Amino acid sequence: MKAPPRADLAALFAAQRAAFAAAPDPPLAVRRDRLDRLATLVEQNEAQIVAAVAADFGVRSSHETRLAELFMIHAGIRHARRHLAEWMRPRRVATPLYLWPGRSRLIRQPVGVVGVISPWNYPVQLALLPAAAALAAGNRVLLKPSEATLRTSELLEREIAARFAVDEFAVVTGGPDVGETFARLPFDHLFFTGSTAVGRRIALAAAANLTPVTLELGGKSPALVHRDADLKSIAPRLVTGKLFNAGQTCIAPDYVLAPQDRIDELVEALQQSVAALYPTLGVNPDYTSVASDRHYERLAALVADAEAKGARAVRCNPANEFLSEGARKLQPTLLVGVRDDMAAMREEIFGPVLPIERYATIDEAIARINARPRPLALYAFGGDARSRERVLRETFSGGVTLDDTLWHFSNDELPFGGIGASGMGAYHGERGFRTFSHEKPVFIQSRFGLAWVLRPPYGERFELVLRILKRIA
């Protein structure tokens, strides 16, 4: 992948900044047209996108690409297009009595030029969904996709260039050096999806220009199994959430907290679910590869470290196949009896490995969740209404799905984002539109306004009026 010279990147940014200055408030028709072109790009290139992503991964389930990448973009754009006129409309807000008969309102304006840095694990969805939100809000967009998914990034670059002017929406390809230069541009907003470690560097680079950032990171998302949970019912949902995209999902359940007297029953239910959902692994097109040799080796090292420190590794290989390392298909592995000193309980796993941790009481389970960095997602299964509400109130996470996994991500009426080390800011639906907009407060003074009574020279009149205002405020 040939990286653009730094001068070209700066010139591209300058062109977008000039284009925005010339047309700073695109009308509804222009914004809808941009969304329509983006939707058409995805629809007309479905086969090419599926093939490119599969080639980048080695094996990537076409069904997972069509659902998690293409359908999510389709649904997000349709939602934005349906509500765009409403989102753009100025909003009247209440005016306190002491400012009557003045009026107040909010005007939503695009911020300018938005930078989007997207990751490799969902290389189309996590590139185009934030871009769509920024375009809907009326901005110009520069996208830096991951160099780890080379074919997909080149496809996006080519197809976006065929449908958008470079000063409207453009793609910049290249490696980490280009990413670093990209992050240091004085964007009006910078959106990054990726690891917490890289997110810190992005935030530091953006801080030099006081660029606002949205960071969609990750972390160790727990799955809490209440004592009364129906394990046969929840096991397929846990397995689906964990093994979708071979676990290479920022909101995949990263570890399970289960009652200590139900561990063996849970392990058996999970093994049965793996066998039912993935009866074979090696030649199964539904079971996705680990995306790179580096990540495959990292995952194998997590399992080896846990075993060396006393954990029991339960490898799920229903057909007892030989899985070559070259194919990068790692058999689903349950780690039973994990401890905090194991790497699998310190690092985000991002693969088909699932630690299972015991707890004795719900107090202990909540304490363990809260002792760790705040995760991007939390899942809880079973429990009565009181215990479920307690978990919701007493734990902190970016989002929650109860009695299943992943699905809160797919509702455009719910904002998606992290908290603490799992990120800052949110998008999806109207929240995405607002992320890339400035809500400008406007106060309209009446010709009969009484502000004159608070002007100098100050004296008894001022004191009297101030006492009255304190009573009615």
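Does residue 465 satisfy the condition of being modelled with pLDDT under 95, β-branched (Val, Ile, Thr), outside the structural domain of residue 202 (by TED's automatic domain parsing) and in a helix (DSSP H, G or I)? So residue 465 passes the test. Of everything in region 422-457 that is among the polar types (S, T, N, Q) and at pLDDT 95 or above, the residue that is farthest from residue 189 (Cα to Cα) is 422.
Please work out if residue 85 is over 30 Å from residue 284 (Cα atoms) and either surrounded by fewer than 21 Cβ atoms within 10 Å (Cβ to Cβ) or charged (D, E, K, R) (or both). It is true that residue 85 is over 30 Å from residue 284 (Cα atoms) and either surrounded by fewer than 21 Cβ atoms within 10 Å (Cβ to Cβ) or charged (D, E, K, R) (or both).
In region 99-120 there is at least one residue that is in contact with a His (Cβ under 6 Å, 6 or more places away or on another chain), aliphatic (A, V, I, L, M) and assigned by TED's automatic domain parsing to the domain that holds residue 432.
Would you confirm whether any residue within region 41-48 is touching a His at 6+ places or on another chain (Cβ under 7 Å) and not polar (S, T, N, Q)? Checked against the condition, which is being touching a His at 6+ places or on another chain (Cβ under 7 Å) and not polar (S, T, N, Q), region 41-48 yields at least one hit.
Working only within region 165-200, note down all residues that are within 25 Å of residue 399 (Cβ to Cβ) and free of Cβ contacts under 8 Å to residues at least 60 places away in the same chain.
Answer for region 165-200, where residues must be within 25 Å of residue 399 (Cβ to Cβ) and free of Cβ contacts under 8 Å to residues at least 60 places away in the same chain: 197, 198, 200.
Here 85, 75, 68, 80 are screened, and the one residue that is more than 24 Å from residue 30 (Cα to Cα), at pLDDT 95 or above and either touching a helix residue (DSSP H, G or I) at 6+ places or on another chain (Cβ under 9 Å) or of a type in the set (Gly, Ala, Ser) (or both) is 68. Among the residues of region 431-471, those that are touching a residue at least 24 places away in the same chain (Cβ under 8 Å) and within 20 Å of residue 213 (Cβ to Cβ) comprise 432, 433, 434, 435, 436, 437, 438, 439. Restricted to region 134-161, and to residues there that are under 25 Å from residue 60 (Cβ atoms), among the small types (Gly, Ala, Ser) and in contact (Cβ under 8 Å) with a residue 12 or more places away in the chain, the residue that is surrounded by the most Cβ atoms within 10 Å (Cβ to Cβ) is 153. Scanning region 173-189 for residues that are among the β-branched types (Val, Ile, Thr) and over 17 Å from residue 41 (Cβ atoms) yields a count of 2. The conditions of being surrounded by 13 or more Cβ atoms within 10 Å (Cβ to Cβ), aliphatic (A, V, I, L, M) and under 30 Å from residue 107 (Cβ atoms) are not met by residue 406.
To keep it simple, each residue is scored yes or no on (1) among the charged types (D, E, K, R); (2) at pLDDT 95 or above; (3) surrounded by 24 or more Cβ atoms within 10 Å (Cβ to Cβ).
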| position | (1), (2), (3) |
| --- | --- |
| 191 | no, yes, yes |
| 209 | no, yes, no |
| 242 | yes, yes, yes |
| 262 | yes, yes, no |
| 295 | no, yes, no |
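Condition first: hydroxyl-bearing (Ser, Thr, Tyr), without any contact (Cβ under 8 Å) to a residue 60 or more places away in the chain and under 24 Å from residue 258 (Cα atoms). Can you find one or more residues in region 393-401 that meet it? Within region 393-401, one or more residues are hydroxyl-bearing (Ser, Thr, Tyr), without any contact (Cβ under 8 Å) to a residue 60 or more places away in the chain and under 24 Å from residue 258 (Cα atoms). Looking at 17, 66, 37, just one residue is surrounded by fewer than 20 Cβ atoms within 10 Å (Cβ to Cβ), in contact with a strand residue (DSSP E or B) (Cβ under 7 Å, 6 or more places away or on another chain) and not polar (S, T, N, Q), and that residue is 17.
For every residue, the table says whether it meets (1) modelled with pLDDT of 95 or more; (2) over 20 Å from residue 425 (Cα atoms).
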{"position": "97", "(1), (2)": "no, yes"}
{"position": "112", "(1), (2)": "yes, no"}
{"position": "116", "(1), (2)": "yes, no"}
{"position": "132", "(1), (2)": "yes, no"}
{"position": "150", "(1), (2)": "yes, yes"}
{"position": "157", "(1), (2)": "yes, yes"}
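Screening region 343-365 for residues that are in a loop (DSSP other than H, G, I, E, B) and not aromatic (Phe, Trp, Tyr) and picking the one that is nearest to residue 265 (Cα to Cα) gives 360. Inspect region 3-18 for any residue being over 30 Å from residue 148 (Cα atoms), in the same structural domain as residue 170 (by TED's automatic domain parsing) and of a type outside the set (S, T, N, Q) and give the result as yes or no. For region 3-18, residues over 30 Å from residue 148 (Cα atoms), in the same structural domain as residue 170 (by TED's automatic domain parsing) and of a type outside the set (S, T, N, Q): present.
Kindly establish whether residue 196 is modelled with pLDDT under 95, buried (at least 17 other Cβ atoms within 10 Å of the Cβ) and under 27 Å from residue 220 (Cα atoms).
yes
Taking region 279-332, which residues are closer than 30 Å to residue 151 by Cα and of a type in the set (Val, Ile, Thr)? Matches in region 279-332: 280, 283, 288, 290. Residue 86 falls short of the stated requirement of being over 14 Å from residue 137 (Cβ atoms) and of a type in the set (Asp, Glu).
Scan region 180-230 for residues that are of a type in the set (D, E, K, R), assigned to a helix (DSSP H, G or I) and more than 19 Å from the chain's Cα centre (by Cα) and jot them down. Matches in region 180-230: 180 only.
The values are calculated or read from the model by the stated rules, or taken from the named source; none is laboratory data. No experiment lies behind these values; they were computed from the predicted model shown. In this analysis, Cβ positions are derived from the backbone assuming ideal geometry, glycine residues included, and neighbour counts consider all displayed protein chains.
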